[in-house]
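The values are calculated or read from the model by the stated rules, or taken from the named source; none is laboratory data. Remember, it's a predicted structure, so these values are computed and weren't measured experimentally. Here Cβ is always computed from backbone atoms with ideal geometry, including for glycine, and neighbour counts include all displayed protein chains. Side chains included, ligands, DNA and RNA excluded: accessible areas come from the protein's heavy atoms. Shrake-Rupley method; radii C 1.70, N 1.55, O 1.52, S 1.80 Å.
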Amino acid sequence: MKRLVMMAACAACACAAEAARELTPQARETLKHSLIHRGDGKGRPDNTMEALLYTWAKGYTPECDIRFTRDGKVVAFHDNKLKGRKVSEWTWAELREEDVGSYRGAQYATCRAPLWETIFTAMEENPSRKIHIDYKDVPPEKVAEMVKAHRLEKQCWFICNNYELIKRYKAALPEGQTLHWMNLGNWGRIDFDRPGETEKGEAFMMKIFENAAKENFKGIDNVQLHCQLRYDAAGNATFCPKAETLKKCVERLHAAGIEASMCVWQTEANNPKTYKLLWEMGFDSFGTDYPEALYQAIAENMK
(Lines give C-alpha, C1' and ligand atoms only; values in the text may rest on other atoms or scores of the structure.)
Protein backbone atom coordinates (compact mmCIF):
# COMPACT_ATOMS: atom_id res chain seq x y z
CA MET A 1 0.00 0.00 0.00
CA LYS A 2 2.81 2.39 0.93
CA ARG A 3 4.43 2.06 -2.50
CA LEU A 4 1.13 2.91 -4.16
CA VAL A 5 0.87 6.00 -2.00
CA MET A 6 4.38 7.00 -3.04
CA MET A 7 3.50 6.57 -6.71
CA ALA A 8 0.39 8.68 -6.24
CA ALA A 9 2.45 11.35 -4.54
CA CYS A 10 4.99 11.40 -7.37
CA ALA A 11 2.16 11.74 -9.88
CA ALA A 12 0.78 14.65 -7.88
CA CYS A 13 4.14 16.41 -8.11
CA ALA A 14 3.88 16.24 -11.89
CA CYS A 15 0.53 18.02 -11.92
CA ALA A 16 0.17 21.73 -12.37
CA ALA A 17 1.39 23.64 -9.31
CA GLU A 18 -1.96 25.25 -8.74
CA ALA A 19 -3.84 21.94 -8.65
CA ALA A 20 -4.84 20.74 -5.18
CA ARG A 21 -3.28 17.45 -4.14
CA GLU A 22 -5.89 14.72 -4.05
CA LEU A 23 -6.59 13.11 -0.69
CA THR A 24 -7.25 9.53 -1.84
CA PRO A 25 -8.41 6.72 0.47
CA GLN A 26 -4.86 5.35 0.39
CA ALA A 27 -3.40 8.73 1.30
CA ARG A 28 -5.94 9.14 4.11
CA GLU A 29 -4.91 5.74 5.49
CA THR A 30 -1.25 6.76 5.41
CA LEU A 31 -2.09 9.98 7.24
CA LYS A 32 -3.65 7.89 9.99
CA HIS A 33 -0.25 6.56 10.94
CA SER A 34 1.04 10.08 11.42
CA LEU A 35 3.10 10.21 14.61
CA ILE A 36 1.09 11.57 17.54
CA HIS A 37 3.93 12.59 19.87
CA ARG A 38 4.04 10.96 23.32
CA GLY A 39 0.68 9.29 22.77
CA ASP A 40 -1.64 12.29 22.52
CA GLY A 41 0.64 15.28 22.16
CA LYS A 42 -0.24 18.01 24.63
CA GLY A 43 -3.64 16.48 25.36
CA ARG A 44 -3.52 13.54 27.75
CA PRO A 45 -0.57 12.50 29.96
CA ASP A 46 2.26 11.28 27.77
CA ASN A 47 3.25 7.65 27.47
CA THR A 48 0.13 6.40 29.27
CA MET A 49 -2.53 3.89 28.26
CA GLU A 50 -5.11 6.67 28.60
CA ALA A 51 -3.35 8.64 25.84
CA LEU A 52 -2.84 5.58 23.64
CA LEU A 53 -6.44 4.43 23.90
CA TYR A 54 -7.71 7.89 22.99
CA THR A 55 -5.48 8.18 19.92
CA TRP A 56 -6.25 4.65 18.77
CA ALA A 57 -9.96 5.35 19.18
CA LYS A 58 -9.55 8.37 16.89
CA GLY A 59 -8.02 6.03 14.30
CA TYR A 60 -4.50 7.47 14.48
CA THR A 61 -1.08 6.22 15.55
CA PRO A 62 0.57 7.27 18.82
CA GLU A 63 4.28 7.41 19.57
CA CYS A 64 5.78 6.28 22.87
CA ASP A 65 9.28 6.00 24.30
CA ILE A 66 10.98 2.81 25.41
CA ARG A 67 13.23 2.51 28.48
CA PHE A 68 14.61 -0.04 30.94
CA THR A 69 13.99 0.04 34.68
CA ARG A 70 16.71 -1.01 37.10
CA ASP A 71 15.39 -4.56 37.20
CA GLY A 72 15.15 -4.89 33.42
CA LYS A 73 11.46 -4.19 32.86
CA VAL A 74 10.70 -2.38 29.60
CA VAL A 75 8.50 0.66 30.23
CA ALA A 76 6.99 3.53 28.28
CA PHE A 77 8.50 6.72 29.66
CA HIS A 78 9.71 9.87 27.91
CA ASP A 79 11.99 11.76 30.28
CA ASN A 80 15.31 10.41 31.46
CA LYS A 81 14.40 11.20 35.07
CA LEU A 82 11.48 11.11 37.47
CA LYS A 83 11.74 13.07 40.73
CA GLY A 84 15.46 13.57 40.19
CA ARG A 85 16.21 9.86 39.68
CA LYS A 86 16.98 8.26 36.35
CA VAL A 87 14.28 5.89 35.19
CA SER A 88 16.98 3.23 34.99
CA GLU A 89 17.44 3.63 38.76
CA TRP A 90 13.80 2.85 39.57
CA THR A 91 12.55 -0.70 40.02
CA TRP A 92 9.31 -1.57 38.31
CA ALA A 93 7.66 -2.11 41.70
CA GLU A 94 8.51 1.50 42.59
CA LEU A 95 7.73 3.09 39.25
CA ARG A 96 4.32 1.51 38.80
CA GLU A 97 3.06 3.29 41.93
CA GLU A 98 4.03 6.78 40.72
CA ASP A 99 1.50 9.33 39.50
CA VAL A 100 2.55 10.31 35.98
CA GLY A 101 -0.66 12.06 34.94
CA SER A 102 -1.72 14.82 37.31
CA TYR A 103 0.50 17.39 35.56
CA ARG A 104 -2.23 17.39 32.90
CA GLY A 105 -4.97 17.78 35.49
CA ALA A 106 -6.32 16.21 38.67
CA GLN A 107 -8.53 13.91 36.61
CA TYR A 108 -5.40 12.08 35.45
CA ALA A 109 -3.88 11.47 38.89
CA THR A 110 -4.47 7.73 38.57
CA CYS A 111 -2.35 7.41 35.41
CA ARG A 112 0.70 5.16 35.69
CA ALA A 113 3.59 4.36 33.38
CA PRO A 114 2.77 1.16 31.47
CA LEU A 115 4.94 -1.81 30.58
CA TRP A 116 5.49 -2.26 26.87
CA GLU A 117 4.15 -5.78 27.32
CA THR A 118 0.84 -4.18 28.29
CA ILE A 119 0.90 -1.94 25.21
CA PHE A 120 1.74 -4.80 22.86
CA THR A 121 -0.98 -6.99 24.35
CA ALA A 122 -3.52 -4.22 23.75
CA MET A 123 -2.35 -4.05 20.15
CA GLU A 124 -2.65 -7.81 19.63
CA GLU A 125 -6.33 -7.50 20.48
CA ASN A 126 -6.91 -5.04 17.62
CA PRO A 127 -4.89 -5.16 14.37
CA SER A 128 -5.88 -1.55 13.57
CA ARG A 129 -3.81 -0.32 16.52
CA LYS A 130 -0.37 0.84 15.42
CA ILE A 131 2.46 2.57 17.25
CA HIS A 132 5.79 4.36 16.85
CA ILE A 133 8.44 3.11 19.28
CA ASP A 134 10.94 5.88 20.02
CA TYR A 135 14.38 4.58 21.00
CA LYS A 136 15.74 5.72 24.34
CA ASP A 137 17.95 3.04 25.92
CA VAL A 138 16.53 -0.36 24.94
CA PRO A 139 18.73 -1.89 22.19
CA PRO A 140 17.04 -2.25 18.80
CA GLU A 141 17.57 -6.01 18.90
CA LYS A 142 15.54 -6.23 22.12
CA VAL A 143 12.78 -4.08 20.64
CA ALA A 144 12.73 -6.31 17.55
CA GLU A 145 12.52 -9.41 19.75
CA MET A 146 9.49 -8.03 21.60
CA VAL A 147 7.72 -6.88 18.45
CA LYS A 148 8.26 -10.27 16.80
CA ALA A 149 7.10 -12.17 19.91
CA HIS A 150 3.77 -10.33 19.71
CA ARG A 151 3.61 -10.65 15.88
CA LEU A 152 3.31 -6.90 15.47
CA GLU A 153 5.86 -6.35 12.70
CA LYS A 154 3.39 -4.43 10.55
CA GLN A 155 1.82 -2.50 13.42
CA CYS A 156 5.03 -1.02 14.82
CA TRP A 157 7.60 1.48 13.63
CA PHE A 158 11.01 1.59 15.32
CA ILE A 159 11.98 5.26 15.24
CA CYS A 160 15.32 6.89 15.93
CA ASN A 161 17.60 9.72 14.77
CA ASN A 162 20.57 7.34 14.60
CA TYR A 163 20.83 5.59 11.23
CA GLU A 164 23.09 2.85 12.59
CA LEU A 165 20.49 1.84 15.18
CA ILE A 166 17.80 1.76 12.51
CA LYS A 167 19.94 -0.58 10.42
CA ARG A 168 20.44 -2.81 13.45
CA TYR A 169 16.67 -3.03 13.98
CA LYS A 170 16.10 -3.87 10.33
CA ALA A 171 18.80 -6.54 10.46
CA ALA A 172 17.15 -8.08 13.52
CA LEU A 173 13.66 -7.82 12.04
CA PRO A 174 13.77 -7.44 8.22
CA GLU A 175 9.97 -7.44 7.98
CA GLY A 176 9.72 -4.67 10.59
CA GLN A 177 9.16 -0.98 9.85
CA THR A 178 11.42 1.97 10.59
CA LEU A 179 11.29 5.75 10.74
CA HIS A 180 14.41 7.93 10.70
CA TRP A 181 13.69 11.35 12.18
CA MET A 182 15.96 14.25 11.29
CA ASN A 183 16.00 17.35 13.45
CA LEU A 184 17.26 20.92 13.21
CA GLY A 185 19.75 20.58 16.06
CA ASN A 186 17.91 22.86 18.47
CA TRP A 187 14.64 21.03 19.25
CA GLY A 188 12.37 23.55 17.59
CA ARG A 189 13.84 26.74 18.96
CA ILE A 190 14.81 28.54 15.75
CA ASP A 191 15.06 32.31 16.11
CA PHE A 192 14.01 33.58 12.68
CA ASP A 193 15.36 37.06 13.44
CA ARG A 194 18.85 35.95 14.40
CA PRO A 195 21.28 36.19 11.43
CA GLY A 196 22.39 32.78 10.19
CA GLU A 197 20.09 30.85 12.52
CA THR A 198 17.81 29.34 9.88
CA GLU A 199 20.75 28.48 7.64
CA LYS A 200 22.44 26.72 10.54
CA GLY A 201 19.33 24.68 11.33
CA GLU A 202 18.85 23.68 7.70
CA ALA A 203 22.50 22.66 7.33
CA PHE A 204 22.27 20.51 10.46
CA MET A 205 19.25 18.59 9.18
CA MET A 206 20.57 18.23 5.65
CA LYS A 207 23.79 16.67 6.92
CA ILE A 208 21.71 13.90 8.51
CA PHE A 209 19.60 13.61 5.35
CA GLU A 210 22.61 13.27 3.06
CA ASN A 211 24.15 10.64 5.32
CA ALA A 212 21.12 8.42 4.75
CA ALA A 213 20.85 9.40 1.08
CA LYS A 214 24.38 8.07 0.47
CA GLU A 215 22.97 4.59 1.08
CA ASN A 216 19.75 5.36 -0.80
CA PHE A 217 17.92 5.24 2.54
CA LYS A 218 18.48 1.48 2.81
CA GLY A 219 16.55 -0.03 5.73
CA ILE A 220 14.37 3.08 6.16
CA ASP A 221 10.64 3.02 5.46
CA ASN A 222 9.80 6.56 6.53
CA VAL A 223 11.92 9.69 6.86
CA GLN A 224 10.51 12.33 9.18
CA LEU A 225 12.00 15.77 8.73
CA HIS A 226 11.61 18.45 11.39
CA CYS A 227 10.72 22.02 10.60
CA GLN A 228 9.72 25.24 12.22
CA LEU A 229 7.73 28.07 10.67
CA ARG A 230 6.20 31.40 11.47
CA TYR A 231 3.34 33.33 9.96
CA ASP A 232 3.48 37.05 9.24
CA ALA A 233 0.58 39.42 9.76
CA ALA A 234 -0.79 38.57 6.33
CA GLY A 235 -0.70 34.84 7.07
CA ASN A 236 2.28 34.04 4.86
CA ALA A 237 4.56 31.27 6.17
CA THR A 238 8.35 31.28 6.40
CA PHE A 239 9.88 27.83 6.87
CA CYS A 240 13.10 26.52 8.32
CA PRO A 241 14.37 24.61 6.40
CA LYS A 242 13.31 26.67 3.38
CA ALA A 243 10.22 25.50 1.52
CA GLU A 244 12.35 24.88 -1.58
CA THR A 245 14.63 22.58 0.40
CA LEU A 246 11.69 20.66 1.84
CA LYS A 247 10.14 20.11 -1.57
CA LYS A 248 13.42 18.77 -2.95
CA CYS A 249 13.72 16.39 -0.01
CA VAL A 250 10.21 15.07 -0.68
CA GLU A 251 11.05 14.50 -4.33
CA ARG A 252 14.22 12.59 -3.45
CA LEU A 253 12.43 10.45 -0.87
CA HIS A 254 9.61 9.57 -3.24
CA ALA A 255 12.13 8.70 -5.96
CA ALA A 256 13.67 6.23 -3.50
CA GLY A 257 10.23 4.81 -2.58
CA ILE A 258 10.36 6.28 0.93
CA GLU A 259 7.45 7.83 2.79
CA ALA A 260 8.04 11.52 3.50
CA SER A 261 6.87 12.74 6.90
CA MET A 262 7.12 16.10 8.65
CA CYS A 263 7.14 17.06 12.32
CA VAL A 264 6.32 20.70 13.03
CA TRP A 265 7.60 22.28 16.24
CA GLN A 266 6.07 25.03 18.37
CA THR A 267 2.52 26.36 18.43
CA GLU A 268 2.33 26.85 14.65
CA ALA A 269 1.64 23.10 14.66
CA ASN A 270 -1.66 23.95 16.37
CA ASN A 271 -3.02 25.33 13.12
CA PRO A 272 -4.72 23.18 10.44
CA LYS A 273 -3.31 25.51 7.78
CA THR A 274 0.21 24.33 8.60
CA TYR A 275 -0.59 20.74 7.62
CA LYS A 276 -2.39 21.87 4.49
CA LEU A 277 0.69 23.81 3.34
CA LEU A 278 2.98 20.85 3.98
CA TRP A 279 0.54 18.46 2.32
CA GLU A 280 0.70 20.57 -0.83
CA MET A 281 4.52 20.30 -0.68
CA GLY A 282 4.05 16.54 -1.02
CA PHE A 283 4.46 15.23 2.53
CA ASP A 284 2.63 11.97 3.16
CA SER A 285 2.30 11.99 6.95
CA PHE A 286 3.11 14.11 9.98
CA GLY A 287 4.38 14.20 13.53
CA THR A 288 2.70 16.54 15.98
CA ASP A 289 2.10 17.63 19.55
CA TYR A 290 -1.24 19.08 18.41
CA PRO A 291 -3.18 16.18 16.90
CA GLU A 292 -6.56 17.91 16.96
CA ALA A 293 -5.30 20.46 14.43
CA LEU A 294 -4.07 17.64 12.21
CA TYR A 295 -7.38 15.79 12.54
CA GLN A 296 -9.20 18.95 11.51
CA ALA A 297 -6.99 19.48 8.48
CA ILE A 298 -7.59 15.91 7.31
CA ALA A 299 -11.33 16.18 7.94
CA GLU A 300 -11.35 19.29 5.76
CA ASN A 301 -9.65 17.24 3.03
CA MET A 302 -6.42 19.28 3.33
CA LYS A 303 -7.97 22.02 1.18
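Using a 1.4 angstrom probe with every protein chain in place, what is the largest-first accessible-area order of 232, 40?
So, going from the largest accessible area down, we get 232, 40.
For the cross-link pairs 32/73; 32/273; 247/273; 242/276; 73/170, the ones whose C-alpha atoms lie over 20 Å apart are 32/73; 73/170. Rounded to the nearest 20 debye, the dipole size of the chain about its Cα centre is 280 debye, using +1 on the Cβ of Lys and Arg and -1 on the Cβ of Asp and Glu.
About its Cα centre, the dipole of the stretch 139-297 is roughly 340 debye, where the only charges are +1 on Lys and Arg Cβ and -1 on Asp and Glu Cβ. What net charge do the residues around residue 112 carry, taking every other residue with its C-beta under 11 Å from that of residue 112, with Lys and Arg at +1 and Asp and Glu at -1? Residues close to residue 112 contribute a combined charge of -3.
Comparing 35, 82, 184 in a Gaussian network model of the chain (Cα springs below 10 Å), the most mobile by mean-square fluctuation is 82.
Its Cα gyration tensor gives the chain an equivalent ellipsoid; the semi-axes, largest first and in whole Å, are 31, 22, 20.
With the helix formula -39500 (n - 2.57) applied to DSSP H stretches of n ≥ 4, the chain reaches a computed 222 nm mean residue ellipticity of -11000 deg cm²/dmol. So which residue, out of 179, 277, 229, gets the largest mean-square fluctuation from a GNM of the chain using Cα contacts under 10 Å as springs? Looking only at 179, 277, 229, the biggest GNM fluctuation is shown by 277.
Summarising the amide proton neighbourhood of residue 35: residues at separation of 5 or more, or on other chains, whose placed amide H is nearer than 5 Å comprise 286, 287, 288. Think of the chain as having a plus end and a minus end, set by charges on the Cβ of Lys, Arg, Asp and Glu; of 282, 297, 149, 149 sits farthest toward the positive end of this dipole. In terms of its C-alpha gyration tensor, the stretch 222-276 has a prolate overall shape, because the principal axis ratio a/c (a ≥ b ≥ c, square roots of the eigenvalues) is not below 1.5 and a/b outweighs b/c. Here's the picture: charge each Lys and Arg Cβ at +1 and each Asp and Glu Cβ at -1 in the stretch 36-127, and of 84, 59, 106 the one pushed furthest to the positive end of that dipole is 84. The peptide list 136-143, 45-52, put in order of mean Cβ contacts within 10 Å with the highest first, becomes 45-52, 136-143. Here the scattering of the stretch 23-117 is modelled by Debye summation over its C-alpha atoms, one equal scatterer each and no solvent; at q = 0.13 Å⁻¹ the log10 of I(q)/I(0) is -0.47. Antiparallel as a % of all DSSP beta bridges within the chain, to the nearest 5? Counting DSSP beta bridges with both partners in the chain, the antiparallel share is about 25 percent. Other residues whose C-beta falls under 14 angstrom from the C-beta of residue 208 contribute a net charge of 0, scoring Lys and Arg +1 and Asp and Glu -1. Overall, the accessible surface of the chain at a probe of 1.4 angstrom is composed of carbon and sulfur to the extent of 50 percent.
Rank 166, 260, 185 by how far each Cα sits towards the positive end of the charge dipole of the chain (+1 on Lys, Arg Cβ; -1 on Asp, Glu Cβ) and give me just the farthest. Among 166, 260, 185, the one farthest towards the positive end of the dipole of the chain is 166.
Of interest is the spacing of the C-alpha centroids, which for the stretch 160-194 and the stretch 227-269 amounts to 16 Å.
Between the beta carbons of residue 79 and residue 106, assuming R0 = 30 Å, the FRET efficiency works out to 0.90 to the nearest 0.05.
Of the complete DSSP H runs in the chain, those spanning 15 angstrom or more by Cα along the long axis with a mean Kyte-Doolittle score not below -1.0 are 2-14, 197-213, 243-255.
When the Cα gyration tensor is reduced to axis lengths a ≥ b ≥ c, the ratio a/c is 1.5 or higher for the stretch 78-234, and with a/b not above b/c it is classed as oblate.
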